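Here the structure is laid out as structure tokens; the discussion comes afterwards.
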Amino acid sequence: MFSLNNKIVLITGAGSGIGAAMAESFAQAGARVFIADINKTGGQEVVAKINSAGRQAEFMGLDVTNEEDCNQVARQVLDSHSRLDVLINNAGIGSVGTLLQTTGQDMDHLYAVNVRGIFNLTKAFLPAMLDRKYGVILNMASIGGVVGIRDRLAYCTTKFAVVGMTKSMALDHSHQGIRVNCICPGRVETPFVKARLAEYPDPEKAYREMSTTQLTGRMLRPEEVAGAAVYLASDEAASITGAAFLIDGGWSAGK
Ligand code: NAD
């Protein structure tokens, strides 16, 4: 197990799915974890689970689309702990549809959460990381940020943007002690995917089809993504920056 002993970590969207699994894994690896989510109930449940296991977590209400919220959260963390070692921009939303089926409103909303949300929160924390010449930023992209996916026009557009933002930030700041990477998972069995499945006329058939996009024939488990995140955040990954780290069950290998 890679150690994150005494690291201060903030994970957005950690009240559910992959974020919740990451929060548990990071706490298990010794980190103090801030769970920042728009969903107070889910976030507090994750905090309670981690704390009852004798580990350290704290909930912070946050809407990543709101710049003032992001600044406020950064102020609170930096005032109380004087640093943030690892920022995980995981909060994200999806939608199903081709270009003609996607409304302008859907497009703007996905952009606001998936892209602008990362921009807002990273901007709030980066100056303090630069002052210390130390920081790890991990953005949640997707396999849909590396290859196109049918009926996911808005989602893929935003996730390709996350990969681009990650690489640009790595170029700008790696020489200043800041590592910036993103994770590109295939389909992970979470409430997010269950919500997408519910939009299909035959959800069970859609589940089988979605499972076989992975060469392994199944969806990933959130804990598998969390394991990759712990590694990427640890000092053992000191030479990894600017990477779009695939954990996709072989999806991107081709057909
Ligand atoms: P999820 O729906 O289970 O969890 C997403 C969390 O983000 C929720 O707790 C939600 O409340 C929070 N959130 C949404 N909007 C927010 C906002 N404006 N501010 C703060 N928090 C907000 O989803 P998940 O499957 O765990 O997905 C997490 C991330 O992983 C997303 O970025 C998603 O695009 C990405 N991803 C998921 C899959 C998958 O198959 N599940 C695959 C690739 C990438």
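The values are calculated or read from the model by the stated rules, or taken from the named source; none is laboratory data. Here the structure is a predicted model, which is why all the values come from computation and not from measurement. Neighbour counts are summed over all protein chains in view; Cβ atoms, including those assigned to glycine, are modelled from backbone coordinates with ideal geometry. Just the protein is used for accessible areas: all its heavy atoms, side chains included, with ligands, DNA and RNA removed. Shrake-Rupley method; radii C 1.70, N 1.55, O 1.52, S 1.80 Å.
Observations, loosely collected:
- Each Cα pair under 8 Å and six or more residues apart adds its separation to the average, and for the chain the resulting relative contact order is 20 percent.
- If you plug the beta carbon distance of A198 and Q72 into 1/(1 + (r/R0)^6) with R0 = 35 Å, you get a FRET efficiency near 0.55.
- Accessible area (Å², per residue) of the chain, counting only protein heavy atoms and a probe of 1.4 Å: 46
- 10 Å-binned pair-distance histogram of the chain (Cα, whole percent): 8, 32, 39, 18, 4, 0
- Cα pair distances exceeding 13 angstrom across the stretch 198-255, given as percent: 69
- Each helix, a run of at least 4 DSSP H residues, gives -39500 (n - 2.57); summed and divided by the residues of the chain, these come to -14000 deg cm²/dmol at 222 nm.
- Amide proton proximity set for M60, modelled H, under 5 Å, gap of 5+: I35, A36, D37
- On Cα atoms only, tilt of 153-173 relative to the major axis of the chain in degrees: 30
- Computed from backbone phi, the HN-Hα couplings of the stretch 177-189 come to x, 10, 9, 10, 9, 10, 10, 10, x, x, 6, 10, 6 Hz, rounded to whole numbers (Karplus: 6.51 cos²θ - 1.76 cosθ + 1.60, θ = phi - 60°; Gly and Pro given as x).
- In order along the stretch 236-244, phi translates into HN-Hα couplings of 5, 9, 4, 9, 9, 8, x, 8, 9 Hz, rounded to whole numbers, per the Karplus curve 6.51 cos²θ - 1.76 cosθ + 1.60 with θ = phi - 60° and x for Gly and Pro.
- Cβ-defined net charge surrounding R208, 11 Å radius [Lys, Arg +1; Asp, Glu -1]: -1
- For the stretch 1-60, the Cα-based Rg and Dmax, in that order, read 10.0, 30 Å.
- Divide the volume of the convex hull around the Cα atoms of the stretch 132-255 by the residue count and you get 111 Å³ per residue.
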